[in-house]
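Single-structure report; data block below.
The values are calculated or read from the model by the stated rules, or taken from the named source; none is laboratory data. The structure displayed is predicted, hence computed values, not measured ones. Cβ sites come from the backbone with ideal geometry, for glycine too, and all protein chains shown count toward neighbours. For the accessible areas, the whole protein counts, side chains as well, though only heavy atoms, and no ligand, DNA or RNA atoms are used. Shrake-Rupley method; radii C 1.70, N 1.55, O 1.52, S 1.80 Å.
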Amino acid sequence: MTQINRTTFRQKWNAYRHNPLSLFLFLAVCLAALITMTALLFVIVYILVNGIPHLTPELFAWKYNSENVSLMPALINTFLMTILSLLFAVPVGIGAAVYLTEYAKRGNRLVGLVRITAETLSGIPSIVYGLFGAIFFVKYLHFGLSLLSGALTLSIMILPLIMRTTEEALLAVPDSYREGSFGLGAGRLRTVFRIVLPSAVPGILSGVILGIGRIVGESAALIFTAGTVAEAASSVFDSARTLSVHMYVISGEGLYIDQTYATAVVLLAVVIVINALSELAAKKLGGGKTDE
């Protein structure tokens, strides 16, 4: 495999060498990839070097106080917030994508309007979502600063992402799959749920993974909607802070910088574990459907 890669690289290099513009673009792409990888590695190493020495058992105590600065309540709230947000966003996002790709007519104005709206929503800063959630969910609907208000706000934030990635995954399914199903006498609904959606599962899970990453890393919107109470939520109407909000609060106090780095290590580990599990699930589900 290494020999093949080297041969391919030599062939590309010989082809680019005779075209200065292609050579310049090739080197620019390689340089951009190198800078991206270097920046990522620098951030990861910096967090690990500054955070791992300060990972102590006190950080994982069940109750938070000013002495242990425990992150455990925030960790529990992060998982609860992620699950609750996905419960709201994933069914709506997948349902909207199915309608746009499988049921709406080609060239439908509604489809174009929905896509433009989704792209617009994906570009709105998170602080704007937080202000909307504070006005609508917290004040108007009287949910207060709670896990529910935060989850509803985050579900709106990740909805365009899940919808667009699901739509692209459904469009990537060959039309021959649909034609074969229709030819065997299956209806549109059966074709969508038994043929199209299972084939698009890896792409759909990719969008869910990106949504999880945004949920876990969000802080601005949650400060206005979920609050900053350092206790594990016992109901969806309790105020709670996630790991990212926890990091923001304790770093702002200026007294727990070491604990902030340690919390960043845990947050990084949580993101990596969630992404790894999601990728594994995507491969298992995608491989299973292919074998069938």
Meets criteria (touching a helix residue (DSSP H, G or I) at 6+ places or on another chain (Cβ under 6 Å) and of a type in the set (D, E, K, R)) for GLU279:
no
ILE272 passes all but one of the listed conditions (1) aliphatic (A, V, I, L, M); (2) crowded, with 20+ Cβ neighbours inside 10 Å; (3) under 27 Å from SER206 (Cβ atoms); the exception is number (2)
Considering each residue of the range 48-89, count those that are surrounded by fewer than 17 Cβ atoms within 10 Å (Cβ to Cβ) and β-branched (Val, Ile, Thr), and give that number.
4
Matching residues in the range 139-150 - criterion: being assigned to a helix (DSSP H, G or I) and either of a type in the set (Gly, Ala, Ser) or under 21 Å from GLU231 (Cβ atoms) (or both)
LEU147, LEU148, SER149, GLY150
Qualifying residue in the range 195-208 (condition: of a type in the set (S, T, N, Q), within 24 Å of the chain's Cα centre (by Cα) and either more than 30 Å from TRP62 (Cβ to Cβ) or at pLDDT 90 or above (or both)):
yes
Index of the failed condition, GLU253 passing every other in (1) closer than 20 Å to PHE79 by Cα; (2) open to solvent by 20 Å² or more (accessible area, probe 1.4 Å); (3) of a type in the set (D, E, K, R):
(1)
Tell me, yes or no, whether the range 219-226 has at least one residue that is closer than 20 Å to GLY150 by Cα, at pLDDT 85 or above and either in contact with a Cys (Cβ under 8 Å, 6 or more places away or on another chain) or part of a loop (DSSP other than H, G, I, E, B) (or both).
yes
Sort out which residues of the range 90-106 are surrounded by fewer than 18 Cβ atoms within 10 Å (Cβ to Cβ), aliphatic (A, V, I, L, M) and modelled with pLDDT under 90, and write them in order of number.
ALA104
All but one of (1) farther than 23 Å from SER234 by Cα; (2) in contact (Cβ under 8 Å) with a residue 12 or more places away in the chain hold for LEU147, so report the exception by its number.
(1)
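From ARG214, ARG194, grab the single residue that is assigned to a helix (DSSP H, G or I), touching a helix residue (DSSP H, G or I) at 6+ places or on another chain (Cβ under 9 Å), open to solvent by 60 Å² or more (accessible area, probe 1.4 Å) and closer than 30 Å to LEU131 by Cα.
Details: ARG194 fails: closer than 30 Å to LEU131 by Cα.
That would be ARG214, the only listed residue that is assigned to a helix (DSSP H, G or I), touching a helix residue (DSSP H, G or I) at 6+ places or on another chain (Cβ under 9 Å), open to solvent by 60 Å² or more (accessible area, probe 1.4 Å) and closer than 30 Å to LEU131 by Cα.
Residues to consider are PHE132, PHE182, PHE136; find the one that is farther than 21 Å from ALA226 by Cα, among the aromatic types (Phe, Trp, Tyr) and either open to solvent by 20 Å² or more (accessible area, probe 1.4 Å) or in contact with a His (Cβ under 7 Å, 6 or more places away or on another chain) (or both).
PHE182
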Sort out which residues of the range 125-177 are basic (Lys, Arg) and over 14 Å from ALA97 (Cα atoms), and write them in order of number.
LYS139
Residue list for the range 139-154, restricted to those being surrounded by fewer than 18 Cβ atoms within 10 Å (Cβ to Cβ) and either at negative phi or modelled with pLDDT of 90 or more (or both):
LYS139, TYR140, LEU141
Here's a check for you: in the range 107-124, which residue that is of a type in the set (S, T, N, Q) and closer than 15 Å to ALA97 by Cβ is surrounded by the most Cβ atoms within 10 Å (Cβ to Cβ)?
SER122
